[in-house]
Amino acid sequence: MTTIHRRQTRLEAVLWDLDGTLVDTEHHWRAVQAGLVGSFGGSWTESQAQSIMGRSQADSVRVLQRAGVRLPVEEIAQRVTAGVRDRLRGGVLWRPGAAELLADLRAHGIPCVLVTMSHRHIVDDILRHFPAGSFEQTVTGDMVSNGKPHPEAYEMAFALLAGTRPGLSRRNVLAIEDSLPGTTAARSAGLPTLGVPHLEPLAAADGLTIWPTLAGRSVRDLQAAAAAARTATAAGGKAPGTPRPRCTRPGSAAAQSRPRGPAS
């Protein structure tokens with residue numbers, strides 16, 4: 001294993017979004033959501049689908065109810081989750097360059113953490129298609145009280161890493177996201193952020209570097225992206241967004257008592 005010196009790279013970890021960033025699952029979610037709305041005589045528009053991309057299960061369910069799905073919250077979540085899990089049985093479609101970049105990070109000894117609003121059991125289904133050891137930790141939507149664009153999930157991911165790496169600095173941890181809620185969450189957590197838009201464009205913002213694709217990129221490119229995002233933040237001030245929360249740490253009484261909901 002080749003290890004790049006930390007003082008040279010200043011890249012100590014990478015926090016990855018899942019849906020739309022690592023794998024292309026959005027078409028599965030949209031098909032199942034459209035089918036459910038259609039079964040109640042409604043129609044599911046592109047703008048409705050985009051409005052919930054990257055957001056929490058609770059946000060998604062509320063939009064589905066407004067679109068005409070006359071079911072309780074839990075039943076909507078269960079139906080959508082079951083439909084997506086069924087569609088994922090045939091495998092997952094990697095986003096261009098994502099698998100290669102994940103392997104490059106692993107080869108250089110740079111830890112990765114998954115930060116997703118999908119819930120644990122559907123994440124486990126997807127991760128069966130990933131190489132073993134791809135992620136040191138995983139933060140899922142059922143582990144937090146506030147979904148993206150709130151920064152809680154990224155705060156929790158950083159806390160998990162910092163618990164085993166004293167002195168870890170946020171400025172040396174890069175987040176990779178594809179959506180506005182995701183990039184807002186990461187930037188609001190004080191992390192340099194790389195945006196790789198998938199189904200919606202991303203506008204320039206403090207603390208954000210934007211690439212059109214991960215294809216052909218390497219660890220060295222990620223180092224440069226993190227440096228560029230840090231420079232943008234220094235030039236523009238603190239990244240705007242949701243104020244940093246008091247994060248419930250994994251293993252605390254609150255975290256242990258929080259029920260795990262269905263996947264989103």
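Details
- Qualifying residue in the range 12-27 (condition: over 20 Å from residue 114 (Cα atoms), within 20 Å of the chain's Cα centre (by Cα) and surrounded by fewer than 19 Cβ atoms within 10 Å (Cβ to Cβ)): yes
- Condition met for residue 134 (surrounded by fewer than 17 Cβ atoms within 10 Å (Cβ to Cβ), out of contact with any Ser or Thr (no Cβ under 6 Å at 6 or more places or on another chain), among the hydroxyl-bearing types (Ser, Thr, Tyr) and in a loop (DSSP other than H, G, I, E, B)): no
- Selection within the range 22-53: residues that are of a type in the set (Val, Ile, Thr) and in contact with a Phe, Trp or Tyr (Cβ under 8 Å, 6 or more places away or on another chain). The member of this set that is farthest from residue 127 (Cα to Cα) is 37.
- In the range 68-79, the qualifying residues are those that are of a type in the set (D, E, K, R) and either modelled with pLDDT under 90 or part of a helix (DSSP H, G or I) (or both), and the one that is surrounded by the most Cβ atoms within 10 Å (Cβ to Cβ) is 79.
- Checking each residue in the range 163-183 for being assigned to a helix (DSSP H, G or I) and out of contact with any strand residue (DSSP E or B) (no Cβ under 9 Å at 6 or more places or on another chain) picks out 170, 171, 181.
- Number of residues in the range 80-117 that are in contact with a strand residue (DSSP E or B) (Cβ under 8 Å, 6 or more places away or on another chain) and part of a helix (DSSP H, G or I): the value is 4.
- The listed residues are 140, 116, and the only one of them that is out of contact with any Asp or Glu (no Cβ under 7 Å at 6 or more places or on another chain), outside the structural domain of residue 81 (by TED's automatic domain parsing), closer than 26 Å to residue 61 by Cα and not charged (D, E, K, R) turns out to be 140.
- Against the list (1) within 30 Å of residue 192 (Cα to Cα); (2) in a helix (DSSP H, G or I), the condition residue 53 fails is (2).
- Residue match in the range 168-182 (condition: more than 27 Å from residue 108 (Cβ to Cβ) and either outside the structural domain of residue 13 (by TED's automatic domain parsing) or in contact with a Cys (Cβ under 9 Å, 6 or more places away or on another chain) (or both)): no
- When residues of the range 164-182 are limited to those that are within 18 Å of the chain's Cα centre (by Cα) and among the small types (Gly, Ala, Ser), the one farthest from residue 118 (Cα to Cα): 175
- Count of the range 32-55 residues which are buried (at least 17 other Cβ atoms within 10 Å of the Cβ) and closer than 15 Å to residue 80 by Cβ: 12
- In this structure, residue 215 does not satisfy being surrounded by 23 or more Cβ atoms within 10 Å (Cβ to Cβ) and either of a type outside the set (Phe, Trp, Tyr) or outside any loop (DSSP other than H, G, I, E, B) (or both).
- Flag for residue 65 being at pLDDT 90 or above, buried (at least 17 other Cβ atoms within 10 Å of the Cβ) and assigned to a helix (DSSP H, G or I): no
- Selection count, the range 191-212, where residues are assigned to a loop (DSSP other than H, G, I, E, B) and among the β-branched types (Val, Ile, Thr): 1
The values are calculated or read from the model by the stated rules, or taken from the named source; none is laboratory data. Predicted model only: the values in this text are computed from it and were never measured. Note: ideal-geometry Cβ built from the backbone for every residue, glycine included; neighbour counts use all protein chains shown.
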